[in-house]
Amino acid sequence: MTRKWLRWMPAVAVPAVIAAAALAGSLPASAGDPLPAKTPAEVLALVAQHTAPSLSGTLEQTSQIGLPELPQAGASSGSGAASVLELLSGPHTARVFLDGPSNVRVQVLDRLAERNAVRSGDQVWLYSSKDNTATHLTLPAGAGHSRDFGQYKHPDAGMHGVMPTPEELAERLLAAADATTEVAVLPEVNVAGRAAYNLVITPRTEGTLIGSVSIAVDGQSGLPLSVELKARGQEEPAFKLAFTSLTLEAPDASLFAFSPPPGATVKEIQVPAHGTGPLGKGHRPMHGTESGVVPDAVDPGAVPPDAVPPDAVEPGTIPPDAVRPDYRNPNGGLPRPTVTGTGWETVVEFPASPASAEAGAMVSGDPLLQQAAVAVPGGRLFSTAVVNVLFTDDGRVFAGSVPADRLLTAAAAR
């Protein structure tokens, strides 16, 4: 786990809290024993000291955000927007295999097909059995370690909609937190047979559709085991991603040695070198922009010594500078988004482009998706319980976990 988690607590508390969390995490509880009580800062520290794990597990995703359930025939290489929307509708199952920071395999099991994303060192394969197509790329030297396949969205990769892990999803949601966010630890939960701390994050603003986020943190390893997202005013989760089975052991190495099946169509992608485009060294991935999620906004550096005075943080809140936006263009020449607002009230504007035109045409042309889209002055609004997306008539796209009138106001102001 990166040090970005450390920005969630006053700098003066970091050394002592991490030491306590590391000690507690090294003493496994017996089956049935309750976990030791921890404060929100201590649970966050437990996650912070967690390193890239070795594991094998099964993930279950459920979604009730107001989208019609789309056919799960497996994502093809044609439309990234289609596969992202398909992933956000209905239930999905995936198998996940990790062995350190640069060996990972995610198998999304669709009803009639399967999609695979495999990284072994600097080799990345993306495969869809629906049309027997594969994409291969070699990461440049110094590209860093990542288990988030969202960063491999090269314009020609043609593979989108790979399920994240709870760890990745937790990082993305925490990036939206600010000083108005309340943090609490509720009674422990059991996920995949493991006792976990129940970290609950609640926006204290009415300017967002998000009611709360619950993250189950493994009591021994600090690994996020599940993420539940509730819409404001709703009791049942609008979105949930959780392990249903989990083994914290290294998988067989053969799982990371991928070869395309006979007859597969293989596309080779040339990845730009350092600083010249997507995936170059220093690239900061645009996490899930096709589904309206804002860029990774957490500074990966260390906590500044004077970041937060020890007496300036109200208990149960996020320090004021816990999240520092840094919206650099990660897309190698594609239109740069404009970001307004902060924290949970962030609105992202994407200029008119072929990608935004594709997404808009899909929403207006698909009979199922039209159920979630309504005509509004100047465009069409694609509305769900936790995110709204406005497609304007002039080709722009506005997205955010905010009420629809915020998007309409932002579009009219530009």
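Computed from the coordinates by the stated procedures, all read-outs in this text should not be read as laboratory data. Note that the structure is predicted; figures quoted are calculated from it, not measured. Heads up, the Cβs are rebuilt from the backbone with ideal geometry, glycines too, and the neighbour counts pull from every protein chain shown.
Answer yes or no: is there a residue in the stretch 222-245 that is part of a strand (DSSP E or B) and surrounded by fewer than 18 Cβ atoms within 10 Å (Cβ to Cβ).
Within the stretch 222-245, one or more residues are part of a strand (DSSP E or B) and surrounded by fewer than 18 Cβ atoms within 10 Å (Cβ to Cβ).
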Practice prompt. Can you confirm whether the stretch 186-206 contains a residue that is over 18 Å from THR62 (Cβ atoms), touching a helix residue (DSSP H, G or I) at 6+ places or on another chain (Cβ under 6 Å) and not hydroxyl-bearing (Ser, Thr, Tyr)?
Written response: yes
